[in-house]
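Here is the structure we will look at.
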Amino acid sequence: MARMDVIDYQIFGSEMQYVEIELDPAEAAVAEAGGMMYMENGIEMETVFGDGSQQKSGFTGALLGAGKRLLTGESLFMTIFINRGSGKKKISFAAPYPGKIVPMDLKELGGQMICQKDAFLCAAKGVSVGIAFQKKLGVGLFGGEGFIMQKLEGDGLAFIHAGGTLAEKNLAPGEMIRVDTGCIVALQPSVTYDIEYIGKIKSALFSGEGFFYATLQGPGKIWLQSLPLSRLASRLYSAMPGIGRGREEGSLLGGLGGLLDGDN
Amino acid sequence: MERFEVLSFGPGIRPHGERTPIRIAPEGVVLRPGEPTEETLPFEALRVTAGGFDHNQIALTWTKGEGIWSLILSDPRAKEIFLTTAPPSLAPQLAQWRKRTSRVQRGMRLGGILLALLLLLPLLLGLALWWKSDVLAEWAVHRISYASEAQFGNLLFEQARLDLTLLPEGETTKMVQEIGNRFAKEAPYPFQWHVAEDPTINAFAIPGGHVVVFTGLIEAADSAEEVAGVLAHEAEHVLQRHSLKGMVHQLGWRVVVALLIGEWGGGSVGEAAAQLQVLKFGRDQESEADLKALALLKKAEIDPKGMITFFSRLSKEEGVPIPLLSTHPPSADRAEAIRAEIKRLGPWKAKPLPYDWNQIKKKLAE
């Protein structure tokens, strides 16, 4: 595991947040290309191919990492921000849509987190952003998150972002919670993620909840979002003059339509 | 004895799990080995389930007091040791665990294959077509009736005619029609023979029976028998439905290309007609037309030597490539094959064609 940088941070705003990170000299943070809002003089930006966690892996390694990033819907490049000045410098990253930014201490969480793709905002240098492939066909198709999620690995601090208000829940061993598809933001790898048929054909058709729930079974910690971006987008879309109703979220066709994409 | 660090969950400890060192011993799972809080969980007290994001972790659950505790084995080495050291009393649960994980794995493999198939389908289709294209084209062509082929040919000819200056009825056209009709006696098509004014040495056939000979070809010929050889050859292209096969072939490719690229290049009749003149027959088709043409010549009692002399003379002329030959097999092989076929068919008595060749040439030169 690469060396982690310890970073201090502060989150500003309520519904449309940004996180300000304080970098000590020679400390660095990685972020999704395009997420930076402002940085103080002395911080230098460096764009790397792949996810920047392994600096010595060579060309093929970088290419492989970059390919994985394409799968998760990220851009091919990541940006590293290094404080080359003397003294502490601040840099901030903004969330791309209304929602909350959640800090995650990966060290405390057991070194690994799985989150919705596109959820990653920024992290201390050394955190690697990989893919977690959904191994259950049904979950991939109907679970609301698609086949591909992001896997954050390392011992540092990572920031993820999701829509609406975020609910943080701790599941005891064996405790199970049913979640609307598309509302899962992040989970510990110890949590079992599955789907459950809604039960009655009448509810499946008319309840508006789709055909399946996502189920999460503990032990472990999970984060849920109150407003998946796709839901917001579909409301905005259907409210747009001249376009009419957009695609219904969580429907059978929607799941099939975005075969690889899932809900979000 | 190997030690692992795993996440354990339970009441009173951090809800997202606490990193706990464990050791898997013959008597059970030892928590925090060597520490003052060391604790041994006998195998009998453990419940084994499959779980985790990948559905392949071993979740061990036990009760202590009122609370339910669990720890998660996700390290492959730890799982292996646990599976091998667990006593037979746990066997049913382990079998259950294996069943669940392997089911997920099987499902994933199946899903992967399905997905790959779905994505590769157009490619596979293309490959199949490339491999079996001739057979497929033949099969499709068989399904087209002679009547509709002739209809289609008329349509194509109407289009092609716009680019051609047809020679008005006269001695030359009469000769071409007369010779041609000798080959068309048993044909399922109403053959039509045309002469077009064009200095290139070429002739082409349209599905359904339209054959066009260029004046350049007649001028280059030394006798009516030589023209007859070419006409028989073109007639065979029609009778063997070579251009139709070529078109079906090409159409099939278009479908595949459209599937692969998602685009359908405009496929109008006009475009098809424009392609007709450049439509290249395969070498096999050319040889087939050659050999079958000889049978036609035999039936019509026309001397086949004209065919050999015409092609071999043309191929000797260096310089400008002659369109009629550019797509044809090497002429030496070709003449050889023709001679062999004549031998096979057995020589036949030929009546000389009743045309004054010099007269016809003179007429053309005017």
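The values are calculated or read from the model by the stated rules, or taken from the named source; none is laboratory data. None of the values given here were measured: they were computed from a predicted structure. Note that we place each Cβ from the backbone using ideal geometry, even for glycine, and neighbour counts take in every protein chain shown.
Below are the figures for this structure:
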read-out: Test for B:Val135: is it in the same structural domain as B:Lys361 (by TED's automatic domain parsing) and among the β-branched types (Val, Ile, Thr); value: no
read-out: Cβ-Cβ under 7 Å pairs, at least 6 apart or on other chains, region A:26-46 side among the β-branched types (Val, Ile, Thr), far side surrounded by 19 or more Cβ atoms within 10 Å (Cβ to Cβ) and not in a strand (DSSP E or B); value: A:Val30/A:Gly52; A:Val30/A:Lys125; A:Val30/A:Val127
read-out: Enumerated strands (runs of 3 or more DSSP E) restricted to region A:166-205, each holding at least 2 residues that are surrounded by fewer than 16 Cβ atoms within 10 Å (Cβ to Cβ); value: A:166-171, A:176-180, A:192-197
read-out: Scan of region B:135-153 for residues that are touching a residue at least 12 places away in the same chain (Cβ under 8 Å) and either within 25 Å of the chain's Cα centre (by Cα) or within 14 Å of B:Ser243 (Cα to Cα) (or both), ordered by number; value: B:Leu136, B:Ala137, B:Glu138, B:Ala140, B:Val141, B:Ile144, B:Tyr146, B:Glu149, B:Ala150, B:Phe152, B:Gly153
read-out: Lone unmet requirement of (1) within 14 Å of chain B (Cβ to nearest Cβ); (2) in contact with a Lys or Arg (Cβ under 9 Å, 6 or more places away or on another chain) for A:Glu196; value: (1)
read-out: Members of region B:67-88 that are farther than 21 Å from B:Phe4 by Cα and either surrounded by 11 or more Cβ atoms within 10 Å (Cβ to Cβ) or within 8 Å of chain A (Cβ to nearest Cβ) (or both); value: B:Gly67, B:Ile68
read-out: B:Gly52 vs. criteria within 9 Å of another protein chain (Cβ to nearest Cβ) and touching a Lys or Arg at 6+ places or on another chain (Cβ under 9 Å); value: no
read-out: B:Ala140 being assigned to a helix (DSSP H, G or I) and under 30 Å from B:Glu44 (Cβ atoms); value: no
read-out: Looking only at region A:76-116, and only at residues there that are more than 12 Å from the chain's Cα centre (by Cα), under 30 Å from B:Ser74 (Cα atoms) and in a strand (DSSP E or B), the one that is modelled with the lowest pLDDT; value: A:Met78
read-out: Which listed residue is away from chain A (no Cβ under 14 Å) and either among the acidic types (Asp, Glu) or part of a loop (DSSP other than H, G, I, E, B) (or both), from B:Glu44, B:Glu5; value: B:Glu44
read-out: Any chance A:Leu137 is out of contact with any strand residue (DSSP E or B) (no Cβ under 7 Å at 6 or more places or on another chain), of a type in the set (A, V, I, L, M), under 25 Å from B:Ile72 (Cα atoms) and surrounded by fewer than 22 Cβ atoms within 10 Å (Cβ to Cβ); value: yes
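Yes/no matrix, rows are residues, columns are (1) of a type in the set (D, E, K, R); (2) in contact with a helix residue (DSSP H, G or I) (Cβ under 8 Å, 6 or more places away or on another chain):
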site	(1), (2)
B:Glu171	yes, yes
B:Glu197	yes, yes
B:Val212	no, yes
B:Glu225	yes, yes
B:Leu231	no, yes
B:Met247	no, yes
B:Leu251	no, no
